[in-house]
Amino acid sequence: MHKLLTVFPEDIYIDIKAPIDKFINFMLQNWSPFFEAVSKSLQLFLNAIGSAVNAIPWWLLIIAVFFASYKVSKKISTSILYSALLFFIGVIGLFDMMYATLAIIIASVIISLLIGLPSGIVMSASKKISIFAVPVLDTMQTMPSFVYLIPAVMLLGLGNVPAVIATTIYALPPVIRLTSHGIRQVDVEVVEAAKAFGSTKMQILFKVQIPQALPTIMAGVNQTIMMAISMVVTCSMIGATGLGSEVIKGINRLESGRGFAAGIAIVIVAIILDRLTQGVFKKNE
Amino acid sequence: MNENNKILKVENLTKMFGSKKLLAREMLKKGLSKNEVLKKTGVTVAVDNVSFEVRQGEIFVLIGLSGSGKSTVIRCLNMLQPPTSGKIYFEGDNIKNYSAKQLREFRRNKVSMVFQNFGLMSHRDVLSNAAYGLEIKGVSKKEREEKAMEIISMVGLSGWEGQSVLNLSGGMRQRVGIARALINNPDVLLMDEPFSALDPLVRREMQFELLSIQEKLNKTIVFITHDIDEAFKLGNNVAIMQDGKIIQTATPEEMMSNPSNSYVKEFTNSADKTHVYSVKNIMITPSCLAHSRNGAKNALKQMYDNGFSSVFVVGDKLRFVGILTLERALAVRNGELSFNDAVYTDVPTTQLETPVSDLIPIAAKSAFPIAVVDNDNRLKGLVTKAAVLASLS
Ligand SMILES: Nc1ncnc2c1ncn2[C@@H]1O[C@H](COP(=O)(O)OP(=O)(O)OP(=O)(O)O)[C@@H](O)[C@H]1O
Ligand SMILES: [Mg+2]
């Protein structure tokens, strides 16, 4: 009696670990050709992005950031600051590492958008799908990011490819959510007007709903990018290269300087990407 | 010939919202009221067995109180709302039988709509809003922009074509709405309270604009309003709706001289503007006030500062006391009169909800502006004679 009140009764126990293991094993045994194919094509995609990024010389990137930030901020001081920060990453010897990280981020964001934008559109159009999808997205967003590493590693092993998968899953919810939200928010009278003039469903979508929802959709894209950056260090634990792995090495080898330098570089990348994408959607409003 | 003249014909149109429509229909047949049906079945009967005809080239006005079903009727006319039952003939075709494609063609070429809150696309400029109807038909950019420029100048917006619609005033936005509706050269224009969101002056201007466009283009217009003056000003024929039914359809003159029941009579009675407007619509805030406690000197200063020859006198908590004139104030200063004797207390006052028409005899006699007070005799504002007279026109 006494024990029952202080300790959860051991008799009431359901094993959910074994079925999950079983499921993963089942997938591995029966679906491995599929995962290999996915892994191979992702590797190709990632390589392509990587070489595209690497083809940009360091000075060109700094100049590009200078002009892009001038375009969104209209302030010379801001653009000098951002290009100086980028230059600083080179000064502390991390420009190549940053390129590796950028390749993973860009690949993940592209895949997230390819999946997320259409999903958001579908979700906005159907109440039923939306009722089902909202709790799934909520769960995805509250799940600790580490958890996504497990299936990625189990199914695809270590390296950059599973990192892209984990990052994509983690970064996906905001763009779906805000695309759907943005489209639903469009003034019903405006949509109705488009209908009353004889627009087809596609015309309503592409000529009215999406353009009207664009500021919200772009906010979702911005959030997705920021989520992808926040996965950089986590993903290094499963072997992603770049700035994140510098942080991990810093921890493992007790080299604080190394870890902090990489950390600062990540922050700089995050700030620049955030401001540039935010500037783009502000202009759209 | 006479029959061909009718471009739109609506027969026994009924529209219900809710799932148990069959049950609701049975109940209506048994003579239950709309409210009873709603309570028992959860079905809203928005439009109940409505029939009317619209002649080619006329302005047909639907009028009724909020919730009487006007919007639902007009939205059935282009199938934004599919009717529950009944027939809608456009040039002899029952539009309920149109396929999705035919319906689209109908909307693209024959009928267009103007919305209460304009329904414009804020991401587009005036020109491409106006050209929208042609764009979705696949007309080339050059051709549709030429056409749009023409229509934009017709609605008086030349020079604004490159502006975002967000930079436009309400009246101008609705001009864009009208331009957009005219671009496809439709036969029928559906206008659902197009001027209700505009302030009265702009509204009058737009009514005039609509009449002159109508003069030029001779469109058929179905126009919704809840303002009887607007209805009588624009309509060749007016139909009054109540609780989803049309009670009377007639020309304005007929309706004025021969209302079919007391409800219609009440509506037409209110056609005189002074009945529609109450004091609070035309009152202004007094700029010149004197507190009785502060005496004649202060009252004089108020009058000098504001250039008036009289001033409203108030007591504690803005309670209205009366009016003090310049001569009387001077007399008080010279010691010839006491302040309290000097104030004219025997002046007419009125209340916020009083119809302006009741003020006319008072305003005609009174030498001063009329004070507006609440039940506790607190001063709320004033009404000038000029404002009362202006509301007559
Ligand atoms: N989509 C809908 N679903 C359910 N009920 C509706 C819907 N549209 C309208 N109604 C109901 O139908 C009735 C008629 O509405 P309608 O909008 O046609 O009135 P109205 O005369 O245009 O009023 P207003 O002057 O407020 O625009 C109202 O009781 C309204 O609540
Ligand atoms: Mg309405």
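Hey, among the residues in the range B:132-155 that are more than 10 Å from chain A (Cβ to nearest Cβ) and basic (Lys, Arg), which one's least open to solvent (accessible area, probe 1.4 Å)? Taking the candidates together, the pick is B:Arg144. All conditions in (1) modelled with pLDDT under 95; (2) away from ligand 2 (no atom under 16 Å from the Cβ); (3) touching a helix residue (DSSP H, G or I) at 6+ places or on another chain (Cβ under 6 Å) hold for B:Leu127, with the sole exception of (1).
One line per residue, one yes/no per condition, for (1) within 30 Å of the chain's Cα centre (by Cα); (2) in a strand (DSSP E or B); (3) more than 14 Å from chain A (Cβ to nearest Cβ):
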position: B:Val37; (1), (2), (3): no, no, yes
position: B:Ala46; (1), (2), (3): yes, yes, yes
position: B:Ile63; (1), (2), (3): yes, yes, yes
position: B:Ser66; (1), (2), (3): yes, no, yes
position: B:Thr72; (1), (2), (3): yes, no, no
position: B:Arg75; (1), (2), (3): yes, no, no
position: B:Lys101; (1), (2), (3): no, no, no
position: B:Arg104; (1), (2), (3): no, no, no
position: B:Arg108; (1), (2), (3): yes, no, no
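Considering only residues in the range B:116-131 that are assigned to a loop (DSSP other than H, G, I, E, B) and open to solvent by less than 10 Å² (accessible area, probe 1.4 Å), the one that is farthest from ligand 1 (Cβ to nearest atom) turns out to be B:Ala131. Only one of the numbered conditions (1) near ligand 1 (Cβ under 10 Å from one of its atoms); (2) in contact with a Ser or Thr (Cβ under 6 Å, 6 or more places away or on another chain) is not met by B:Thr84, and that is (1). Among the residues of the range A:177-226, the ones that are hydrophobic (A, V, I, L, M, F, W, C) and closer than 30 Å to A:Ala166 by Cα come to 11 in all. Of everything in the range A:188-200, what is in a helix (DSSP H, G or I) and facing another protein chain (nearest Cβ under 7 Å)? Give them in sequence order. Of everything in the range A:188-200, those that are in a helix (DSSP H, G or I) and facing another protein chain (nearest Cβ under 7 Å) turn out to be A:Glu189, A:Val190, A:Glu192, A:Ala193, A:Lys195, A:Ala196.
For (1) within 24 Å of A:Gly259 (Cα to Cα); (2) without any contact (Cβ under 8 Å) to a residue 24 or more places away in the chain, each residue gets a yes or a no:
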{"position": "A:Leu61", "(1), (2)": "no, no"}
{"position": "A:Ala64", "(1), (2)": "no, yes"}
{"position": "A:Ser73", "(1), (2)": "no, no"}
{"position": "A:Ile76", "(1), (2)": "no, yes"}
{"position": "A:Ser83", "(1), (2)": "yes, yes"}
{"position": "A:Met97", "(1), (2)": "yes, no"}
{"position": "A:Leu102", "(1), (2)": "yes, no"}
{"position": "A:Ile105", "(1), (2)": "yes, no"}
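Filtering the range B:310-336 to residues that are at negative phi and open to solvent by 80 Å² or more (accessible area, probe 1.4 Å) leaves B:Asp316, B:Arg319, B:Glu327, B:Arg333, B:Asn334, B:Glu336.
Scanning the range B:13-32 for residues that are outside any strand (DSSP E or B), touching a residue at least 40 places away in the same chain (Cβ under 8 Å) and within 31 Å of the chain's Cα centre (by Cα) turns up nothing. Contact map, the range B:341-367: residues that are within 18 Å of B:Phe320 (Cα to Cα) and loosely packed, with under 15 Cβ neighbours inside 10 Å paired with residues that are modelled with pLDDT under 80 and among the small types (Gly, Ala, Ser), Cβ distance under 7 Å, separation 6+ or inter-chain. Pairs shown: B:Glu353/B:Ser278. Every condition in (1) open to solvent by 80 Å² or more (accessible area, probe 1.4 Å); (2) more than 16 Å from ligand 2 (Cβ to nearest atom) is met by B:Asp93 except one, and the failing one is (1). Screening the candidates A:Gln185, A:Gln203, A:Gln212 for the property of being within 7 Å of chain B (Cβ to nearest Cβ), touching a residue at least 12 places away in the same chain (Cβ under 8 Å) and surrounded by fewer than 24 Cβ atoms within 10 Å (Cβ to Cβ) yields one hit, A:Gln212. Scanning the range A:168-182 for residues that are β-branched (Val, Ile, Thr) and open to solvent by less than 30 Å² (accessible area, probe 1.4 Å), we see that the one that is nearest to the other protein chains (Cβ to nearest Cβ) is A:Thr179. Exactly one residue out of B:Val114, B:Val50 is under 24 Å from the mean Cα position of the chain (by Cα) and within 14 Å of chain A (Cβ to nearest Cβ), and it is B:Val114.
Among the residues making up the range A:155-167, those that are part of a helix (DSSP H, G or I), open to solvent by 10 Å² or more (accessible area, probe 1.4 Å) and at pLDDT 90 or above are A:Asn160, A:Ile165. Is it the case that some residue within the range B:14-30 is buried (at least 19 other Cβ atoms within 10 Å of the Cβ), at pLDDT 90 or above and more than 16 Å from ligand 2 (Cβ to nearest atom)? Yes, some residue in the range B:14-30 is buried (at least 19 other Cβ atoms within 10 Å of the Cβ), at pLDDT 90 or above and more than 16 Å from ligand 2 (Cβ to nearest atom). Restricted to the range B:77-99, and to residues there that are in a helix (DSSP H, G or I) and away from every other protein chain (no Cβ under 11 Å), the residue that is farthest from B:His226 (Cα to Cα) is B:Asn97.
Listed conditions (1) under 21 Å from the mean Cα position of the chain (by Cα); (2) under 30 Å from B:Phe115 (Cβ atoms); (3) surrounded by fewer than 21 Cβ atoms within 10 Å (Cβ to Cβ) are all met by A:Gly220, apart from (3).
The values are calculated or read from the model by the stated rules, or taken from the named source; none is laboratory data. A quick note: this is a predicted structure, and the numbers were derived from the prediction, not measured. Positions of Cβ are backbone-derived with ideal geometry, glycine not excepted, and every protein chain shown enters the neighbour counts. These area figures cover heavy atoms from the full protein model, side chains too; ligands, DNA and RNA do not enter into them. Shrake-Rupley method; radii C 1.70, N 1.55, O 1.52, S 1.80 Å.
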